[in-house]
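Peer 1: Have a look at this one before I ask anything.
Computed from the coordinates by the stated procedures, all read-outs in this text should not be read as laboratory data. Keep in mind that this is a model prediction, so the values were computed, not measured. Cβ placement follows ideal geometry from the backbone for every residue including glycine, while neighbour counts extend to all protein chains displayed.
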Amino acid sequence: MLTIEEVRHDRGVDWFEEHIEPKEREAYQLILVTYGRCVYWLDGDKQIMEKGELLLIPPGTRYYGKSVPTVLHTKYVVRFAWHAASEVLPLLAPSVPWRQTPGCYELVVERLKQMAEQWQERSDYYRLMAGAQLTEILVYLSREADRGRLPDRKRRMAESMKQYIQSHYREAVNKSCLAEAVGITPNYAASLFRTVTGQTISDYVHRQRMKTAIYMLTDSLLTIHEIAEYVGYNDPSYFHRVFKRITGATPSAYLQERPPAP
């Protein structure tokens with residue numbers, strides 16, 4: 001059983017955290033840096049954390065962390081306890097910290113953002129929902145850990161495919177496009193992309209489109225139909241279905257957040 005004790009989204013340049021003596025209820029710390037850099041000392045070992053890096057600190061580790069002077073950083077921090085009644089995630093078994101740049105970074109960021117929102121809003125069953133989201137994160141990370149680090153060449157190809165999608169998401173992107181962009185076969189492109197990111201090419205394209213759609217729904221004067229067309233959907237009803245599936249809300253709900261017209 002998983003118990004979440006705290007979810008934070010830290011921002012700033014002046015930050016310090018210390019954990020020297022074991023607490024009554026020892027907990028794991030999961031940290032993901034989303035911007036800038038910060039420093040952790042883990043049992044005396046200095047770790048400079050950069051954007052995109054994840055750190056899992058096991059119970060009993062003496063640590064402290066601080067900002068890099070004059071450098072802004074943002075990160076998500078989750079403190080949780082794991083009470084394994086049956087299946088144990090191998091990722092949580094070692095007694096030493098685990099540091100990684102996860103291939104499923106975007107997916108992890110999305111789940112952590114949702115967890116932070118759950119924790120802040122404290123809606124009904126928010127702890128249960130946040131626990132489910134953290135469990136999903138830990139499963140994806142465990143799969144990466146079990147698989148071992150991919151060769152740099154494969155990671156670079158996956159990053160190139162992600163960058164291609166981020167530049168062409170409004171177009172009809174598929175495995176053939178990506179295969180041609182990185183010089184591999186279409187089926188291998190699809191398999192490699194899913195292995196590294198934890199998402200299919202189609203899912204990744206839809207999520208990139210939804211990021212732009214959310215921004216335009218809250219910060220532009222365009223209609224939902226116009227936004228749907230702009231991000232690549234000719235069928236407004238299909239845009240609504242994909243939007244609801246990914247965000248959990250309707251496009252109309254985001255229109256409420258638009259500032260009043262002058």
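Peer 1: What is the angle, in °, between the Cα long axis of helix 152-168 and the longest principal axis of the Cα atoms in the chain? Nearest 10 is fine, range 0 to 90.
Peer 2: Rounded to the nearest ten degrees, it is 40.
Peer 1: So if I take the centroid of the Cα atoms in region 120-157 and the same for region 55-106, what is the distance between those two points in Å?
Peer 2: 12 Å
Peer 1: Which order do the peptides 60-66, 203-209 come out in when sorted by mean C-beta neighbours inside 10 angstrom, highest first?
Peer 2: Descending packing order for the listed peptides: 203-209, 60-66.
Peer 1: Still on this structure: So what's the back-of-envelope 222 nm ellipticity for the chain, counting only DSSP H runs of four-plus at -39500 (n - 2.57) apiece and dividing by all residues, rounded to 500?
Peer 2: It comes out at -14500 deg cm²/dmol, rounded to the nearest 500.
Peer 1: Sorting I165, I184 on the 10 Å Cβ count, fewest up front, what's the list?
Peer 2: Starting with the residue having the fewest Cβ neighbours, the order is I184, I165.
Peer 1: What is the set of long-range amide H partners of L42 at a cut-off below 5 Å, with H atoms built 1.01 Å from backbone N?
Peer 2: Close amide H contacts, sequence-distant or interchain: Q47.
Peer 1: By how many degrees, between 0 and 90 and to the nearest 10, does the Cα long axis of helix 201-219 differ from the longest principal axis of the chain?
Peer 2: 80 degrees
Peer 1: State the extension gain, in nm to one decimal, for the chain segment bounded by H240 and D146, taking 0.36 nm per residue of separation less the distance between their alpha-carbons.
Peer 2: 30.1 nm
Peer 1: Could you bin all the Cα-Cα distances of region 2-147 into 10 Å bins starting at 0 and give me the percent of pairs in each, rounded to whole numbers?
Peer 2: Calculated over all Cα pairs of region 2-147, the distribution is 11, 43, 39, 7, 0 percent.
Peer 1: In nm, to one decimal, how far is the modelled label at T185 from the one at A253, with both set 7 Å along Cα→Cβ?
Peer 2: 4.3 nm
Peer 1: Across every pair of different alpha-carbon atoms, what Kirkwood hydrodynamic radius in Å does region 203-255 reach?
Peer 2: Mean inverse Cα-Cα distance, inverted, gives 10.6 Å.
Peer 1: Can you classify region 115-262 as rounded, prolate or oblate using the Cα gyration tensor, where a ≥ b ≥ c are the square roots of its eigenvalues, rounded means a/c under 1.5, and otherwise it's prolate if a/b beats b/c and oblate if not?
Peer 2: Oblate is the answer for region 115-262, as a/c is 1.5 or above yet b/c matches or exceeds a/b.
Peer 1: Assuming R0 = 25 Å, what is the FRET efficiency of R155 and T200, from their Cβ-Cβ distance, to the nearest 0.05?
Peer 2: Calculated transfer efficiency: 0.85.
Peer 1: A further question follows. Amide H to amide H under 5 Å from G52: which residues, 5+ apart in sequence or cross-chain, H placed 1.01 Å off N in plane?
Peer 2: HN-HN under 5 Å from G52: V33, T34, Y35.
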